[in-house]
Structures are given as C-alpha cells and as structure tokens.
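These notes are about the structure you will find just below.
The values are calculated or read from the model by the stated rules, or taken from the named source; none is laboratory data. Quick caveat, the model's predicted, so the values are computed rather than measured. Here Cβ is always computed from backbone atoms with ideal geometry, including for glycine, and neighbour counts include all displayed protein chains.
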Amino acid sequence: MVSHATRLGHVTKWLLFLTVGLSFLPKAIAHPMPNSVVQLTVHADRIDAEVQIPLSELQAAWGHAVNDSSTYLLARHGPAMRAYLNEHIRPASPAGELWQVLVGELAVHETQNPLNGTYRELTAQVRLLPPPGEDVRRFVLGYDAVLHQVVTHKILVSVHQDWARGQVADVPPTQVGVIELDIVNNRIVPLPINLAAGSAWTGFGAMVQLGIRHIAEGTDHLLFLLVMLLPAPLLVRFGRWGRFGGVRYSVRRLLLIVTAFTLGHSLTLLLGALGWIRLPSQPVEVLIAVSILVSAGHAVRPLFPGREAWVAAGFGLVHGLAFAGTLVDLHLDVGPMALSIFGFNLGIELMQLLVIALTVPWLMLLSGTPAYPAVRVGGALCAVAAAVAWIIERTLLSTTPFSTFVERVAHLAPWLLAALAVGALFSYWRGWSQRTAS
C-alpha cells in the first residue's frame with residue numbers, strides 16, 4: 001500500500017517535471033517561469049557563453065533595485081554585476097580544476113508582455129577558458145547565480161553553436177540540462193557537460209549545407225541572376241533584342257555572366273567575412289533590390305549590351321557583402337572561418353549551378369521560338385515589381401503585402417520550373433511542326 005508521503009513525493013516530482021518542461025518553451029509565451037538561460041558557443045580552445053537572467057529574479061537574489069528601470073542601470077551597477085557573475089559561475093574540469101571566467105559585455109533588454117507587463121533581462125557575454133591541456137568539450141558547469149537565494153529558480157543550459165559538430169546559424173539550440181536545487185539533499189548540483197567529439201570535416205560540411213540553404217532561400221539573389229540570363233541567348237539588333245544567337249553564342253554569354261557574378265560575390269564574401277570590408281546591412285539589401293531592377297530593365301531593352309559580364313561582376317560584389325554577413329555573425333576563429341568561407345561559397349555555387357542547369361536549357365529552347373519575347377518581357381516585369389516592393393520594404397524597414405506575396409510565390413518554384421519546361425517544349429514542338437508543314 002502506497003503511503004501518503006510516497007504519493008506526495010510522486011506529485012512533487014511530476015510538478016517539478018512539468019515546471020521544467022514549460023520553462024523550455026519559447027520566451028514569447030509570457031515567461032511562465034522567469035528562469036535563467038545559459039547558451040554555449042563551443043570553440044576549439046574555449047567556451048563563449050551568453051547568460052540571460054530575468055532582472056526580477058536577480059533583484060530578489062541580489063538585493064539591489066535592478067528591476068525598477070533599465071535607464072542607466074549598467075552605469076550604476078555594471079561593475080558590481082560583473083563581480084557577482086564572476087563569483088557565481090564556476091566551471092571546472094572533471095578532475096575539479098577550475099576554469100578561468102571572464103565576464104565581458106553586459107546589456108539590458110526590456111519587452112512589454114500583455115500578461116505580465118514589463119519584462120527586463122540582463123544579458124552577459126562570458127568567456128570560459130579551460131586550463132592548458134584540458135578538453136574543452138568535457139567539463140562541469142557550476143552556476144548558482146540567483147539560485148543561491150531563490151530556490152525555485154532554474155538555469156536552462158543549451159548549446160547555441162558548435163561548429164565542429166555542424167551546429168551553426170539557424171539550427172535550434174541543443175538542450176544540455178537544467179541546474180536547480182536538489183531538494184532532497186538541499187544543495188545545488190553542478191551540471192556535467194559532455195559534448196560529442198566533432199571534426200573540421202563536419203564543420204565544413206555544415207557550411208556547404210548552409211551555403212546551399214542560403215542561396216535556395218535567397219529569392220533576390222537567384223532572381224537577379226536569372227533575369228540577367230533572360231536576354232543572354234539573344235542578339236542585339238538596332239538597339240533592341242533580336243533573334244536567338246545560336247547555342248555556341250548563348251552558352252558563351254551565359255558562362256561569362258555566371259562566372260563574373262561568381263567572381264564578384266566570392267571576392268566580397270572573402271573580404272567581408274575576414275572583416276576587411278564591412279557595410280551596414282540595410283543599404284546592401286537595398287542595392288541588391290536595385291540590381292534586380294537594373295537587370296530587369298536590361299531584359300526588356302538592352303541597356304549595356306556586350307557588357308553584361310562586367311555588370312554581373314559589379315553587382316556580384318554587392319551580393320557577396322550580404323553573403324558575408326552570415327559568416328560574420330558566427331564569430332568563428334581563424335581556422336574554422338577559413339574552412340567556412342570555402343565551404344559556404346562552395347554551397348552557394350553548387351546551388352547556383354543546380355538552378356542554372358534546371359532553367360537555362362528551357363530558356364534557350366524558348367529563345368528560338370516566337371513565344372520568347374512574351375516570356376522575357378513578362379519575367380522582367382515580374383522582377384521589376386518584386387524589386388520595387390523590396391526597395392520599399394528595405395528602405396522603410398516595413399513588410400509590404402506584395403513582398404510577402406513574392407516570398408510565397410518563391411515557394412512554388414518547382415511548379416514554375418515545370419510550367420517553364422512544358423511551355424518550352426510545347427513552343428518548340430509547335431514551331432517545329434509549322435516548319436515541317438511548310
């Protein structure tokens with residue numbers, strides 16, 4: 001027969017399990033339990049951690065009025081907060097040898113929640129350095145900030161980025177565990193962290209995949225290239241686009257444009273990722289939309305005939321700066337960054353080549369038919385509409401209904417490609433039939 005105490009113990013365990021499960025839900029769900037979060041970024045020789053602490057909980061544990069207002073909070077309490085965190089973060093090797101802790105940049109974030117009102121949070125960038133010779137992937141995280149006073153508090157620990165394991169960019173954090181009070185023994189148990197071994201090859205492969213995904217989701221990059229290729233198979237006659245120039249002529253021009261664009265964006269991707277060139281993202285994104293507008297105008301009527309490769313290279317420099325931003329945001333060390341630049345660019349090129357291989361043959365087939373002027377001008381006008389919508393959106397930093405529509409249409413790319421193939425085959429067959437009949 002189960003005793004009342006045993007039943008009460010089971011109920012308590014289930015309540016704790018439910019509380020921890022809810023705490024892993026996104027912060028957008030009104031912060032049902034104001035827990036702390038520690039997100040780890042794993043490097044070859046160190047761990048960089050971002051520590052997020054609700055100021056309401058920190059105030060209760062620390063005793064200072066830090067949750068009343070965010071104004072000048074760091075100016076008033078910044079040094080004391082760093083000292084507090086240094087005291088309560090104690091990573092150590094499995095044998096018990098302490099790591100060095102360096103508390104860096106602090107920031108305070110404030111959001112309004114319709115259920116709980118104002119929510120304020122302290123974010124701290126903390127560097128954890130192991131003793132010489134210690135494995136950075138195996139350690140024990142001692143952490144009791146807030147928890148040393150507020151016994152219901154919990155610290156949710158996850159890996160935000162681990163290049164050697166292929167975890168980068170938009171991959172969701174991998175939950176490692178929870179630091180909480182051991183109620184039975186009335187003590188805070190450090191969290192053992194044992195990360196699986198990684199490799200440079202795994203990190204490189206992840207960056208190739210990231211490059212593929214980036215260009216696959218980069219509707220604007222692909223649209224620029226495709227619109228530049230629309231008139232490539234055609235000759236220029238009296239300042240207008242004329243007839244199909246033949247397979248050899250078309251292939252040569254297509255290769256020149258694609259190669260020039262590749263060289264342009266590869267150069268600025270390299271320079272931008274290394275930090276030698278850096279521009280704000282907003283003007284870069286606006287210029288990318290402008291590049292689509294220019295290429296669409298050229299597809300309607302020749303604006304720079306014979307100089308398409310130079311224009312593609314020039315605008316490629318702009319597109320490469322946007323690509324570089326993805327790598328810069330990863331904050332990788334020199335070795336992983338070098339491999340990442342190569343892998344990311346390789347992924348971009350592979351995806352580009354795939355898209356070109358799937359579309360260009362049909363464009364070339366169409367370009368020799370009477371239907372191609374309508375396809376070329378129609379495609380160019382659609383690109384103009386998309387470019388204008390993106391220019392407005394990226395200038396005003398506000399989403400427009402048409403830009404949202406463009407993104408939805410981009411998800412129909414396989415069907416659009418199928419329609420292009422069917423249209424090209426039908427137009428070619430119809431022209432062949434007419435020529436045979438005559």
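Before moving on, here are some points about what is shown:
- Hey, A169 of a type in the set (G, A, S), part of a loop (DSSP other than H, G, I, E, B) and either assigned by TED's automatic domain parsing to the domain that holds G211 or surrounded by 18 or more Cβ atoms within 10 Å (Cβ to Cβ) (or both) or not: no
- When I179, I155 are screened for being at pLDDT 95 or above, among the β-branched types (V, I, T) and touching a Pro at 6+ places or on another chain (Cβ under 8 Å), only I179 passes.
- Hey, L234 in contact with a strand residue (DSSP E or B) (Cβ under 6 Å, 6 or more places away or on another chain), in the same structural domain as L366 (by TED's automatic domain parsing), farther than 19 Å from L358 by Cβ and not charged (D, E, K, R) or not: yes
- Inter-residue pairs, beta-carbon under 9 Å, first surrounded by fewer than 18 Cβ atoms within 10 Å (Cβ to Cβ) and in region 133-148, second in a loop (DSSP other than H, G, I, E, B) and polar (S, T, N, Q), 6+ apart: E134/S93; D135/S93; R138/S93
- Helices (runs of 4 or more DSSP H) (entirely within region 285-399) containing at least 1 residues that are buried (at least 21 other Cβ atoms within 10 Å of the Cβ) and assigned by TED's automatic domain parsing to the domain that holds I47: none
- The test for being touching a residue at least 40 places away in the same chain (Cβ under 8 Å), touching a strand residue (DSSP E or B) at 6+ places or on another chain (Cβ under 9 Å) and over 30 Å from W163 (Cβ atoms) does not hold for L223.
- Leading residue by the ranking (nearest to the chain's Cα centre (by Cα)) among those in region 407-422 that are farther than 19 Å from L366 by Cβ and of a type in the set (A, V, I, L, M): A410
- Any hit, region 98-105, residues being farther than 30 Å from A75 by Cβ, part of a strand (DSSP E or B) and in contact with a Lys or Arg (Cβ under 9 Å, 6 or more places away or on another chain): yes
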